[in-house]
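Q: Starting off with a structure, shown below.
The values are calculated or read from the model by the stated rules, or taken from the named source; none is laboratory data. Treat the numbers as computed from the prediction; the structure is a model and nothing was measured. Note: ideal-geometry Cβ built from the backbone for every residue, glycine included; neighbour counts use all protein chains shown. Please note that ligands, DNA and RNA were not included when accessible areas were found on the heavy atoms of the full protein model with its side chains. Shrake-Rupley method; radii C 1.70, N 1.55, O 1.52, S 1.80 Å.
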Amino acid sequence: MNRDLLGIRQLSQAQITDLLHRSDGYFRHLDSTEPFPDYRLLHGRTIANLFFENSTRTRTSFELAEKRLGATSISLSMQTSSLTKGESLIDTINVICAMKVDCIVVRHSSSGVPQLLRNNLPPHIRIINAGDGAHEHPTQALLDAATLLEQLGSLKGKRIFIVGDISHSRVARSNMLLLKMLGAEITLVGPETLLPKYVEEVFDVRVRTTIGDSLHKADAVIALRIQQERQSRSYFPNLSDFRLRYGLTPIQLSDTKAFILHPGPVNRSVELDDEVVDSEKSLILRQVRRGVAIRMAVLEWLFEV
Ligand code: NCD
């Protein structure tokens, strides 16, 4: 049977450990100034990156991961595809697959699109979810876990805070699932209007509506972007009010040993002040580099069977 990566829920503990371990090997090469080795693992394979939403780091890192493994890869901005002429999503993707594509990497604003493709495309086509609506973003959670493990050694009993717009965040959802599997204790912090109902019970996490002085206990903080494109109305008075209550400032940073992560793109002076983005505790660019290594590991794993 083929492998896909549709969400963290599908992965076992052993598969997660395996993917993180594989990515470490690739990461060492990315972290060195030596030329990257000539991997030919995916030679002869063709991968199509179909991004229905804007993306810089996820799309570029998939493209680089594919090229560094020797695959032929194409990227389509789906905003300019035949869909705008009325063709259905499945018809358009079937056209792309007819050109002998072996794997689809898909990002879409609607939750469930990767599963919809799985249900409708031929079984030999592998599918990777590069972010679907507010549902899941599994490679982001894997790269966040790899970045945290590099600094913290193990995540067992480690306190990780996820701060900001939780409700609209596929990054928060995938991270809650994955980081808990690795033994971390998760605290969500955000305005009540941006915290999903029953999230404490469903995901077995703590919830706070103020940051207060809680950060001194944290080992890491994952700040989330305010995802206004996914918000149908206003969930807080304005951005400066949000920054006052949930933005991370140098004062809070001086009070904690926590590392700072953000999936990007960062709204400077909203989620994170400049001094926080650029501080020694910020792992934001490490996350980006880890992202390429994780996507290489996922591709290798997908094509192993
Ligand atoms: C995230 C995404 O698109 O889900 N970004 C990313 O993949 N690096 C987070 C976001 O857009 O806020």
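Q: Which residue, Ser111, Ser32, Ser167, has the most motion in a Gaussian network model of the chain that connects Cα atoms within less than 10 Å?
A: Maximum among the listed residues: Ser32.
Q: Take the eigenvalues of the Cα gyration tensor for segment 49-206, scale each by 5, and report the square roots as semi-axes in whole Å, largest first.
A: The answer is 32, 19, 13 Å, longest axis first.
Q: In addition: For segment 138-287, go through all pairs of different Cα atoms, get the mean of 1/r, take its inverse, and jot down that Kirkwood value in Å.
A: 15.1 Å
Q: Out of segment 55-142, which GluC sites (Glu not before Pro) are coil in DSSP terms and have no more than 13 other C-beta atoms within 10 Å?
A: none
Q: What residues qualify as long-range amide H neighbours of Val207, i.e. H under 5 Å apart, gap of 5 or more or another chain, H built at 1.01 Å from N?
A: Excluding prolines and chain starts, which carry no amide H, the hits are Leu188.
Q: Further, regarding this structure: What is the Cα centroid distance between segment 273-305 and segment 1-16, reported in whole angstrom?
A: Using only Cα atoms, the two centres lie 19 Å from each other.
Q: Largest first, how would Arg28, Arg170 line up by accessible area (1.4 Å probe)?
A: The ordering from most to least exposed comes out as Arg28, Arg170.
Q: Which whole-number value in Å³ per residue fits the convex hull of the alpha carbons of the chain?
A: 134 Å³
Q: How large a share of the accessible area of the chain, in percent, is made up of carbon and sulfur atoms when the probe is 1.4 Å and the other protein chains stay in place?
A: Heavy-atom surface of the chain belonging to carbon and sulfur, 1.4 Å probe: 51 percent.
Q: Could I ask something else about it? Radius of gyration and Dmax for segment 88-131's Cα atoms, expressed in Å?
A: So, for segment 88-131, Rg and Dmax equal 9.6, 27 Å respectively.
Q: Would you check the chain for Lys pairs whose C-alpha atoms are within less than 28 Å, ignoring same-chain pairs closer than 8 in sequence, and give me the count?
A: Total qualifying Lys-Lys pairs in the chain comes to 20.
Q: Order the peptides 116-124, 277-285, 100-108 from the highest to the lowest mean number of other Cβ atoms within 10 Å of their residues.
A: Order by mean packing, descending: 100-108, 277-285, 116-124.
Q: I'd like the Kirkwood hydrodynamic radius of segment 207-290, using the inverse of the mean 1/r over distinct C-alpha pairs, in Å.
A: Kirkwood hydrodynamic radius for segment 207-290: 13.4 Å.
Q: Do the sum for the chain: with -39,500 (n - 2.57) for every DSSP H run of n ≥ 4, divided by all residues, what is the mean residue ellipticity at 222 nm, to the nearest 500 deg cm²/dmol?
A: Rounded to the nearest 500, it is -11000 deg cm²/dmol.
Q: Among Gln115, Gln252, Gln13, which one moves the most in a GNM of the chain with springs linking Cα atoms closer than 10 Å?
A: Top of the fluctuation ranking is Gln13.
Q: Further question on the same structure: Using a 1.4 Å probe on the protein heavy atoms only, what accessible surface does His21 show? Give it in Å² to the nearest 10.
A: Surface accessible to solvent at His21 totals approximately 130 Å².
Q: Additional query: Run the numbers for Thr84 and Arg206: contour at 0.36 nm per residue of separation, minus the present Cα-Cα distance, in nm.
A: The Thr84-Arg206 span can extend by a further 39.6 nm.
Q: If I build a Gaussian network model for the chain, linking alpha-carbon pairs within less than 10 angstrom, which residue out of Ile90, Ile166, Ile47 has the largest mean-square fluctuation?
A: Ile90
Q: What is the set of long-range amide H partners of Leu5 at a cut-off below 5 Å, with H atoms built 1.01 Å from backbone N?
A: Answer set, sorted by chain and number: Ile127, Ile128, Asn129.
Q: Output wanted: per-residue J couplings in Hz (rounded whole) for segment 177-190, from phi through Karplus 6.51 cos²θ - 1.76 cosθ + 1.60, θ = phi - 60°, x for Gly and Pro.
A: In residue order, the calculated couplings are 5, 6, 5, 5, 4, 8, x, 6, 9, 9, 10, 9, 10, x Hz.
Q: Given a 1.4 angstrom probe, what's the average accessible area per residue across the chain, in square angstrom?
A: 45 Å²
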